[in-house]
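Computed from the coordinates by the stated procedures, all read-outs in this text should not be read as laboratory data. The model shown is predicted, which means the values in this text are computed figures rather than measured ones. All Cβ positions, even for glycine, are placed from backbone atoms using ideal geometry, and neighbour counts span all protein chains on display.
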Amino acid sequence: MSGASSPAAPPPSAPPVPILPYSRIVGQDELKLALELNFIAPGIGGVLIAGQRGTAKSTVVRAFALMSGGQLPVTLPINATDDRVLGGWELDALMHGEAKKQAGLLEEAHEKGLLYVDEVNLLDDHIVNIILDVVSTGVLSVQREGIDTATHVSFGLVGTMNPEEGSLRAQLLDRFGLMVTAAELDIEDRHRVITAVLTFEEELETENSAWIRAAEEENDRLRDHLLAARERLSRVRLNESVSRLCAEAATRTGAVGQRGDLLVAKAARALAAREGADRVAPEHVRQVLPLALRHRRPESAHGSAFDWGPDENAAVTDLFS
């Protein structure tokens, strides 16, 4: 999130939590890339993950939070009220005649680094709007019931949804910086998932497990790499020809509005920083196009499809030849 400081990263080797380590997540490369780019460039404004039940959406998000921040994300319940999200007065204290402010979930997310909104398509639009406004401005403004405060906050935002259970309004879809569809794994990857999960569960019972220790060490290396990329981001250049390429690709694929053009550029810069490059190249732009534009095409805006396939690729092929 632009204009707001980011929470400090925890020391390596945070206390273990029984979630499959991020470094041992099988497949879902595009999903992991989106989370990492949003971490490197918080100004991207969040990641929306679509997928059917059982596609490991929640597991990947929680594993990423543990890897990048050392703790599980703040999770927004479906029935969250304004008080719970924004903060208010502690009820018990009020009953004893004492006015004591209670922090809301958005302030907790600022402390922990990540807000996870599961089944975002089932939330009240009003609550979703509040969250997205705070993410985009970096300011949590509370003016209600005797409270009048404005606080600078910074946190990553991840939302998940199962399209079979309902759509998300186009205006809200557009506010998420990146969108990814959880991949359906082939037989080989399904087999690797079984092996990884069963091995992890067995190793949890092993004192000082070498398997878990190696996974956590790999997590530590990745976190250090992502933090270095975040530090490098401001030095990554995006020249005039590449910024025009972002606009042309968005136009060719029918992206609605101009937000997608900017998000292609931001995501491409984050990818360049992740790869240690000092400037954005056309291949960086091409790789992030589906992430930044799949939910901004006309058919996606009507909630009917989030696919990115041969037609979309054919529309931009000559731009990158």
Quiz item: In percent, what relative contact order does the chain have, based on Cα pairs under 8 Å that are 6 or more apart in sequence?
Solution: 23 percent
Quiz item: Over all distinct alpha-carbon pairs, what is the Kirkwood Rh of segment 22-181 in angstrom?
Solution: 16.3 Å
Quiz item: Given H placed 1.01 Å from N in the peptide plane, which residues other than close sequence neighbours of Arg279 have an amide H under 5 Å from its amide H?
Solution: Arg237
Practice problem: Would you mind ranking His295, His152 so that the residue whose beta carbon has the fewest other beta carbons within 10 Å leads the list? | Solution: His152, His295
Quiz item: When ranked by the protection proxy of mean other Cβ atoms within 10 Å per residue, highest first, what sequence do the peptides 263-273, 118-128, 167-177 form?
Solution: 263-273, 167-177, 118-128
Practice problem: Using packing as a proxy for protection, rank 198-204, 26-32, 276-282 so that the peptide with the highest average count of other Cβ atoms within 10 Å comes first. | Solution: 26-32, 276-282, 198-204
Quiz item: If packing is taken as the mean number of other Cβ atoms within 10 Å per residue, what is the order of 104-115, 178-189, highest first?
Solution: 104-115, 178-189
